[in-house]
Amino acid sequence: MSYDSNNRWSASTNSTISQVGIDVGLRNYMLRVYNYMAAGLGITGVVAYVAAASGFYQSIMGTPLLWVIVLAPLGLVLLLSFRIQHMSLGAAQLTFWSYAGLVGLSLSGLFLIYTGASIAQVFFITAATFLAMSLYGYTTKSDLSRFGSFLMMGLIGIVIASLVNIFVASAAIQFAISVIGVLVFTGLTAWDTQRIKEMYWEGDGHEIAGKKAIMGALALYLDFINLFIMLMQLMGTRRD
């Protein structure tokens, strides 16, 4: 009896220690994801403001360089998505920082269209919404994967409708896109957070864990940026 009791105690203790290790590792991993994301948003914000305030963005408006800046981020996202396993951690980090900077250049026009006060207001609303939904995605016991297909369908619908509206230029369609976009990217924030959490594995090496953190940060960064843009279109105050 004594031997069996000791064995049970030992197994229980080892299980508890292992669980504590996983919890600490997961917390550090998620903190790394959020730090990457926050740094990316910081780079985007600084580049966007400086490019608008310095007149650089205005100088490239109407030139082919503007299209390069608009389309280049897509190329970097594809590069990270399909080639990150063949990249070093340093190269993956540099690609992510470059992507954040290029997005900042492409968003510089917001400072010319909307007032600084409304940009700040919408940013804080976006941050609060993102924080709430990401926290929900991290803590909920519900499986959010069942909503993933609907959210992705909504995302595809937004992309198609946005392309159509380039030619139609309908204010009603744009309003609908913005409203649906807020719902879709709010949901994606929770879903992506849970998905990123489930990607964690205690046995990952430093480089693999770092690459996973970058891809997780990229997903949450895209959710935040797109939610911010949709809310700006709905709530932003335009300059006179």
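Only one of (1) in contact (Cβ under 8 Å) with a residue 40 or more places away in the chain; (2) over 15 Å from THR129 (Cα atoms); (3) of a type in the set (Val, Ile, Thr) fails for THR189. Which number is that? So the condition that THR189 fails would be (2). If the requirement is being on the phi > 0 side of the Ramachandran plot and free of Cβ contacts under 8 Å to residues at least 60 places away in the same chain, which of these qualifies: ALA132, ALA169? The conditions single out ALA169. Is it the case that the range 107-126 has a residue that's under 20 Å from ALA38 (Cα atoms) and without any contact (Cβ under 8 Å) to a residue 60 or more places away in the chain? Taking every residue of the range 107-126 in turn, at least one turns out to be under 20 Å from ALA38 (Cα atoms) and without any contact (Cβ under 8 Å) to a residue 60 or more places away in the chain.
Here ALA217 passes the criteria (1) among the small types (Gly, Ala, Ser); (2) surrounded by 15 or more Cβ atoms within 10 Å (Cβ to Cβ); (3) not in a helix (DSSP H, G or I) except the one numbered (3). Quick one: in the range 195-205, which of the residues that are surrounded by fewer than 22 Cβ atoms within 10 Å (Cβ to Cβ) and in contact (Cβ under 8 Å) with a residue 12 or more places away in the chain is farthest from LEU76 (Cα to Cα)? Step by step, filter the range 195-205, then rank; the result is GLU202. THR186 fulfils the conditions (1) under 18 Å from LEU107 (Cα atoms); (2) under 14 Å from the mean Cα position of the chain (by Cα); (3) not aromatic (Phe, Trp, Tyr) except for a single criterion, (1).
We did not get these values from a lab; they are worked out from the coordinates using the rules stated. What you are looking at is a predicted structure, and each value in this text was computed from that prediction instead of being measured. FYI the Cβ positions are ideal-geometry reconstructions off the backbone, even for glycines, and counts take in every protein chain you see.
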